[in-house]
Amino acid sequence: MSILECKNLSLRYGQNFALNGVDLSIEAGGIVGLLGPNGSGKTTLIKLAMGLLQPTEGEILIGGLQPSAKTKAFTAYLPDSNYLSASMRVEQQVEFYADFFPDFRRERAYETLERLGIQRKSKIKTLSKGNREKLGLILTMSRSAKLYILDEPIAGVDPAARDFILDTIIKNKPEDATIFLCTHLIWDIEPVLTHAVFLGGGKVILSAPADEIREKEGKSLNDVFREVFRW
């Protein structure tokens, strides 16, 4: 069964399409890059997968189900904007996740925070931007989910932080889980991808295993991306 499937999926605002007839099927178990320039429809697709938007036409299925409370129970989502409560302490945010998500691995979260030197008693509003983003990622990846959807997890962070983020993603991924990495920064994530989906103008331009694309094109995903989306 596909972990994520789109059938003629469209979302229109007036006469403008954010997504236009997307057909896509992603098998479970890999690390999938949802790749495209800004405005290509990546975040729209993610919000449809999370049930935050409703399609104009077609459908999207998560584990064979329409987005709902059932699919959210096995989907861990990291949005592209800060969502943490600034007034909470770190440990309060961890315990909130532990109370809200039955699959949350509390000790895994605390172990990673300790390794980073992020104090449990610290107020979230006192953390640096980088540490707030790391905290959000740790909370998301500390769930034992079937599907992880990460929207621009490496945007706006320094190279060292990107290395930490990718390392955290890989080390915390359950073996049979699927990770959807949404980004336009291909170079940094290419080594970990098993599948690539190129989205442009609200349409799927290319969807194939990463190794297959590299073998067929004779170049890296980053180079293919630059060629496909050349202005």
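Of the listed requirements (1) in a loop (DSSP other than H, G, I, E, B); (2) closer than 22 Å to Ile179 by Cβ; (3) open to solvent by 30 Å² or more (accessible area, probe 1.4 Å), Leu84 misses just one: (3).
Where helices (runs of 4 or more DSSP H) fall wholly inside segment 143-231, the ranges with 2 or more residues that are under 11 Å from Leu35 (Cβ atoms) are 186-189, 210-217, 221-228. Within segment 122-174, if we keep just the residues that are under 13 Å from Asn82 (Cα atoms) and among the small types (Gly, Ala, Ser), the residue that is least open to solvent (accessible area, probe 1.4 Å) turns out to be Gly136. Consider Glu111 carefully, then state whether it is among the acidic types (Asp, Glu), assigned to a helix (DSSP H, G or I) and at pLDDT below 95. Yes: the conditions hold for Glu111. Of the listed requirements (1) open to solvent by 30 Å² or more (accessible area, probe 1.4 Å); (2) in a helix (DSSP H, G or I), Val94 misses just one: (1). For segment 106-121, which residues satisfy the criterion of being surrounded by 20 or more Cβ atoms within 10 Å (Cβ to Cβ) and touching a residue at least 40 places away in the same chain (Cβ under 8 Å)? Within segment 106-121, just Thr112 meets the criteria.
A single entry from Glu111, Glu133, Glu95, Glu91 fulfils the requirement of being of a type in the set (Asp, Glu) and within 15 Å of the chain's Cα centre (by Cα): Glu133. Based on this model, can you work out whether Ile179 counts as among the aliphatic types (A, V, I, L, M), buried (at least 21 other Cβ atoms within 10 Å of the Cβ) and modelled with pLDDT under 95? No. Scan segment 191-204 for residues that are open to solvent by 80 Å² or more (accessible area, probe 1.4 Å) and either modelled with pLDDT of 95 or more or within 16 Å of Glu5 (Cα to Cα) (or both) and jot them down. The answer is Lys203, and nothing else. Going through (1) in a helix (DSSP H, G or I); (2) in contact with a Gly (Cβ under 6 Å, 6 or more places away or on another chain) one by one, Glu133 falls short only on (2).
Going by the conditions given, is Phe229 within 20 Å of Lys42 (Cα to Cα), touching a Pro at 6+ places or on another chain (Cβ under 7 Å) and of a type in the set (Phe, Trp, Tyr)? It is true that Phe229 is within 20 Å of Lys42 (Cα to Cα), touching a Pro at 6+ places or on another chain (Cβ under 7 Å) and of a type in the set (Phe, Trp, Tyr).
The values are calculated or read from the model by the stated rules, or taken from the named source; none is laboratory data. Just so you know, these numbers come straight off a predicted model, no measurement behind them. A quick note on method: Cβ atoms are made from the backbone with ideal geometry, for glycine too, and the neighbour counts reach across all protein chains shown. When the accessible area is computed, the model is the full protein with side chains, heavy atoms only, and any ligands, DNA or RNA have been set aside. Shrake-Rupley method; radii C 1.70, N 1.55, O 1.52, S 1.80 Å.
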